[in-house]
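The block underneath contains the structure these notes are about, expressed in structure tokens.
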Amino acid sequence: MLGTSDGRVIPVEVKFAVTHQGTIRAVRPDPIIGSAFRADPAGRPIRHLAHAVTKDGPITAATIGGREVLLVSLTERKALVGPSAKEEIRTTLTIPGSGEIAALALDNRGEDLFIGTSAGEIVRVDIREREQPHTSIPLTVGSRRESRSPL
């Protein structure tokens with residue numbers, strides 16, 4: 001996934017084609033560029049991005065400000081008769097704690113989003129309920145201590 005300066009997200013999958021000519025092996029990248037979608041309707045730049053494809057559909061987390069994360073998920077509702085319908089759920093979160101968002105990571109099930117801040121904190125967001133994510137209390141993972149040499 002690539003985030004743009006105007007709030008769009010572009011899916012990109014890179015496959016590699018391997019060929020052999022005699023003893024020479026050639027590896028050629030073959031990017032597949034998907035259709036872009038607007039993650040942020042206001043058009044703010046995407047700073048960080050995390051994405052997972054789950055059994056319920058894809059979910060994308062994008063940082064759109066120093067402390068704001070936008071969650072965009074797409075689920076498919078199967079109908080008993082006729083075609084299925086796709087539903088987009090969009091949620092904006094303001095992250096507690098201090099510092100700006102420095103990193104995002106989604107687990108492969110699309111249930112937990114982990115947010116690292118510039119202040120050395122990690123915030124876990126439970127996103128199993130896509131419409132109402134639950135944010136944990138920030139956890140400080142490192143501290144700066146003065147080192148003293150023994151006398």
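Numbers at a glance
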item	result
Scope region 96-107; condition assigned to a strand (DSSP E or B) and charged (D, E, K, R); matching residues	none
Residue match in region 82-103 (condition: more than 20 Å from the chain's Cα centre (by Cα), under 29 Å from Gly120 (Cα atoms), surrounded by 10 or more Cβ atoms within 10 Å (Cβ to Cβ) and at pLDDT below 90)	yes
Residue among Gly110, Gly66 that alone is under 17 Å from Gly3 (Cβ atoms), outside any strand (DSSP E or B) and at pLDDT below 90	Gly66
Unique residue being farther than 30 Å from Lys15 by Cβ and outside any loop (DSSP other than H, G, I, E, B) when the list is Leu93, Leu80	Leu93
Test: Val123 is modelled with pLDDT of 90 or more, more than 16 Å from Thr54 (Cβ to Cβ) and either in contact with a Pro (Cβ under 7 Å, 6 or more places away or on another chain) or surrounded by fewer than 13 Cβ atoms within 10 Å (Cβ to Cβ) (or both)	yes
Unique match (being at pLDDT below 85 and more than 22 Å from Leu139 (Cβ to Cβ)) among Leu74, Leu49	Leu74
Residue within region 30-37 that is over 22 Å from Arg130 (Cα atoms), assigned to a strand (DSSP E or B) and in contact with a Phe, Trp or Tyr (Cβ under 9 Å, 6 or more places away or on another chain) present	yes
Matching residues, region 43-53, being surrounded by fewer than 17 Cβ atoms within 10 Å (Cβ to Cβ) and touching an Asp or Glu at 6+ places or on another chain (Cβ under 8 Å)	Gly43, Pro45
Arg8 basic (Lys, Arg), out of contact with any Phe, Trp or Tyr (no Cβ under 8 Å at 6 or more places or on another chain), within 26 Å of Gly65 (Cα to Cα) and surrounded by 13 or more Cβ atoms within 10 Å (Cβ to Cβ)	no
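Table: residues versus (1) basic (Lys, Arg); (2) free of Cβ contacts under 8 Å to residues at least 12 places away in the same chain; (3) over 16 Å from Ile46 (Cβ atoms).
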residue: Ile59; (1), (2), (3): no, no, no
residue: Gly65; (1), (2), (3): no, no, no
residue: Leu80; (1), (2), (3): no, yes, yes
residue: Glu87; (1), (2), (3): no, no, yes
residue: Asn108; (1), (2), (3): no, no, yes
residue: Phe114; (1), (2), (3): no, yes, yes
residue: Thr117; (1), (2), (3): no, no, yes
residue: His134; (1), (2), (3): no, yes, yes
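The values are calculated or read from the model by the stated rules, or taken from the named source; none is laboratory data. Given the structure is predicted, the values throughout are model-derived calculations rather than measurements. Don't worry about glycine lacking a Cβ; one is built from the backbone with ideal geometry, like all the others, and counts go over all protein chains shown.
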